[in-house]
Amino acid sequence: MTMRKLIAGNWKMNGMLAALDEVAAIAETAAAHPAADVALALPATLIAAAAARSPGLAIGAQDVHARDSGAHTGCLSAAMLREAGARFTLVGHSERRGDQGETNQDIWAKAVAARRCGLSVILCVGETAEERDAGRAARVVQAQIEQGLPDDAEGDWLTLAYEPRWAIGTGRTPSIPEIAEIHAVARAKVRALLGDRSGAVRILYGGSVTGANADEILAIADVDGALVGGASLTAAKFAPIVAAGAATAV
Ligand code: PGA
């Protein structure tokens, strides 16, 4: 099925208030390409200001706690993020799986909490280099989806992002057939879990997407958009990827 492409940026731990000019420029880029959906996951410190300055752009968070409130020092609930102006959150990004030891069960609970508070979710999955070398990439991704995907993930609130961990921030990407293979596996798994209700779940590719490779990656069957780290930090680098997403719209 051909869906509107979603081009989502992830600023990670980058961006001071001065970067709000760049957010505004990205909002202008998004407005200039209405055939694609554009979203930006920002550091929590920027969400409220960015949402106020660029109300037309889907601003989101990069993580969320599974509880609505309580004794969880340093954490943010979905309700807090929503109130600040976030419309969505990432969950299960590989840097959190790696740095914070998040499990598929943790990620499932975060997705459920986000949904409960009205945030859309981009759920990230992807194998490590060791898992790929051992021929286990497809099985790892299947398990991450099976254990992380909420039962009511139908509808457009849930998006998956396939991000091979070894491709993130490295300038290395899988080959086109390798991306196509895992996206087909992910699509089949979502269909098996959700049946007829799976149609609206978009599956993004992430990991070293740039203006130079976006066209061919976004043309792959079952690639419904991109999750972009480094190349989303400036409108100048992000714009060609947004344009590539808009160009594939039918
Ligand atoms: P990258 O990051 O585009 O810098 O590789 C992608 C991501 O981590 O979402």
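Applying the Karplus parametrisation 6.51 cos²θ - 1.76 cosθ + 1.60 with θ = phi - 60° to the phi angles of segment 78-95, what ³J(HN,Hα) value in whole Hz is obtained for each residue in order, glycine and proline being reported as x?
4, 5, 5, 5, 4, 5, 6, x, 6, 9, 8, 9, 6, 9, x, 4, 4, 5
Can you run phi through the Karplus equation (6.51, -1.76, 1.60; θ = phi - 60°) for segment 107-121 and list ³J(HN,Hα) in whole Hz, with x for Gly and Pro?
Using θ = phi - 60°, the values come out as 5, 4, 5, 5, 4, 5, 5, 4, 4, 4, 9, x, 8, 6, 10 Hz.
Which value in deg cm²/dmol, rounded to the nearest 500, describes the helix-derived mean residue ellipticity at 222 nm for the chain, given -39,500 (n - 2.57) per DSSP H run of n ≥ 4 and division by the residue count?
So the calculated ellipticity at 222 nm is -12000 deg cm²/dmol.
May I have the pair-distance distribution P(r) for the chain, computed from all Cα-Cα distances with 5 Å bins from 0 and rounded to whole percent?
1, 7, 15, 19, 21, 18, 12, 5, 1, 0
What are the trypsin sites (Lys or Arg not before Pro) within segment 59-141 that DSSP puts in a loop, where the Cβ has at most 15 other Cβ atoms within 10 Å?
Details: sites: 67, 82, 87, 96, 97, 110, 115, 116, 132, 136, 139; in loops: 67, 87, 136.
Those satisfying the criteria are 67, 136.
Give the share of C-alpha pairs in each 5 angstrom bin for segment 125-230, from 0 to the last occupied bin, in whole percents, shortest bins first.
Reading upward from the zero bin: 2, 13, 25, 25, 19, 11, 4, 0.
Any lysines with Cα under 22 Å of the residue 237 Cα? List them, leaving off those in the same chain fewer than 8 positions away.
Straight-line reach from residue 237, under 22 Å: 5, 12.
Between residue 192 and residue 116, with labels modelled 7 Å along Cα→Cβ, what's the label distance in nm to one decimal, could you check?
With each label placed 7 Å out from Cα toward Cβ, I get 2.9 nm.
Considering the Cα positions of segment 204-250, please state its Rg to one decimal place and its Dmax as a whole number of Å.
9.6, 28
Once phi is turned into θ = phi - 60°, what whole-Hz ³J(HN,Hα) does the Karplus curve with 6.51, -1.76 and 1.60 give for every residue of segment 209-223, x standing for Gly and Pro?
Working through the residues one at a time gives 6, 9, x, 7, 10, 4, 4, 6, 5, 6, 7, 5, 4, 6, 9 Hz.
Let me know the Kirkwood hydrodynamic radius for segment 22-117, please, with Cα pairs as the basis and the value in Å to one decimal.
About 14.0 Å for segment 22-117.
Per the Kirkwood definition applied to all pairs of different Cα atoms, how many angstroms is the hydrodynamic radius of segment 141-195?
This gives a value of 12.3 Å.
Let me check against my output: what whole-number percent is the relative contact order of the chain, with C-alpha pairs under 8 Å and at least 6 apart?
Numbers: 529 pairs, mean separation 57.6, N = 250.
Answer for the chain is 23 percent.
FYI, it's all coordinate maths here, none of it is from the lab. If you're wondering where the values come from, they're calculated on a predicted model, not measured in any experiment. Backbone-built Cβ (ideal geometry, glycine too); neighbour counts: all protein chains shown.
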